[in-house]
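The values are calculated or read from the model by the stated rules, or taken from the named source; none is laboratory data. In this text the structure is predicted, and so the values were computed from the model without any measurement. No Cβ is skipped: glycine too gets one built from the backbone with ideal geometry, and neighbour counts run over all protein chains shown.
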């Protein structure tokens, strides 16, 4: 008899990896994916279809079924938050969850032995001789205390357990959570918090929102904790490579939604994409945190993004024709550490010193049609830029 498929998961890492392979990076077939066995492939695909059935479209092309993740542009909530609500549990887990909360529901303060006695009274109603030992109950109580579901207080030689009271939130506080859970790191915490209340639909709608960032919330919280306490970490990448460094800051791209960790290792700055990191481990206090921040502050003056190199900075000057006022305002808003100077009627010169211009290219392409002239001593990059424009013109039949 075939094993029944279960929607629940034991490790979020597996679900996180398959979500990317299926729905973020583009759907991969059973033959293309190398994460695990074909059976695991089928189970994870069905699990994602079940969890995100309202947002997954399928289409058969050449006898091959293709899946797509379609997220509404005007939706205030992140559908991917539901992935954090999947977890496997045992018979003891599900029984103790409801029984313990029921026992303590009236605000009682009880010891472990008293709670065990109450549980035995529940079990006496069943005829299958089902028993739970006191150590299992104690471990569950401590687990719920760490999760802030319960609180414990020591009186004499015994610990007393009570249910944490639910904090009442005002309408403004609820709306603040509805806003920040979609734009702040680890916003899934706000999503889970709101599920404890009966709330009205969110009044917010976002023009640019990167739902897939929630897949990195766990590693994000780990790194923020390390940064707060000035600790070194050992990180394991998705390809199995390990790297040890001192984390300094987390960067989030407003263009692509990608998130990066910037850290220092033996006086050298590194940047790592969070979606390439699988797990981490704290290594203890670091001594080069302040040195790293100083080095990062200096490097930021000649980098467009998180691309740090030892090359000397080069000046890049871009002459732009901006007849509309809002374009000039946009240039001032997006120039980063660059400078903007008006050199003629509706002509503006944007200049910036960079060690690597590659990071600026996607932004620069958004000004195609407005660029009048590009000047730089980096002739290799400048020539390649214009070759790319010529290739684009040929692709669209605009070479004339």
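Before moving on, here are some points about what is shown:
- Test result for residue 140, over 16 Å from residue 94 (Cα atoms) and assigned by TED's automatic domain parsing to the domain that holds residue 105: no
- Tally of residues being under 25 Å from residue 184 (Cβ atoms), touching a helix residue (DSSP H, G or I) at 6+ places or on another chain (Cβ under 8 Å) and crowded, with 16+ Cβ neighbours inside 10 Å across the range 253-277: 9
- Breaking point among (1) farther than 14 Å from residue 110 by Cβ; (2) over 33 Å from the mean Cα position of the chain (by Cα), for residue 153: (1)
- Selected residue (criterion: surrounded by the most Cβ atoms within 10 Å (Cβ to Cβ)) from residues of the range 138-186 that are part of a loop (DSSP other than H, G, I, E, B) and touching a helix residue (DSSP H, G or I) at 6+ places or on another chain (Cβ under 6 Å): 185
For every residue, the table says whether it meets (1) at pLDDT 90 or above; (2) assigned by TED's automatic domain parsing to the domain that holds residue 380; (3) assigned to a strand (DSSP E or B); (4) under 24 Å from residue 383 (Cβ atoms).
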| site | (1), (2), (3), (4) |
| --- | --- |
| 283 | yes, no, yes, no |
| 298 | yes, no, no, no |
| 327 | yes, yes, no, no |
| 332 | yes, yes, no, no |
| 340 | yes, yes, yes, no |
| 348 | yes, yes, yes, yes |
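- Selection count, the range 350-367, where residues are part of a loop (DSSP other than H, G, I, E, B) and closer than 14 Å to residue 327 by Cα: 2
- Filter pass, residue 203 being outside the structural domain of residue 122 (by TED's automatic domain parsing), at pLDDT 90 or above and not in a helix (DSSP H, G or I): no
- Selected residue [touching a strand residue (DSSP E or B) at 6+ places or on another chain (Cβ under 7 Å) and free of Cβ contacts under 8 Å to residues at least 40 places away in the same chain] from 167, 162, 145: 145
- Residue identified as part of a helix (DSSP H, G or I), under 26 Å from residue 297 (Cβ atoms) and in the same structural domain as residue 289 (by TED's automatic domain parsing) among 243, 250, 227: 227
- The one condition in (1) at pLDDT below 80; (2) buried (at least 16 other Cβ atoms within 10 Å of the Cβ); (3) within 30 Å of residue 174 (Cβ to Cβ) that residue 33 fails to fulfil: (3)
- When residue 338 is tested against (1) surrounded by 15 or more Cβ atoms within 10 Å (Cβ to Cβ); (2) in contact (Cβ under 8 Å) with a residue 40 or more places away in the chain, only condition (2) is not met.
- Some residue of the range 375-383 being without any contact (Cβ under 8 Å) to a residue 12 or more places away in the chain, more than 23 Å from residue 254 (Cβ to Cβ) and part of a loop (DSSP other than H, G, I, E, B): no
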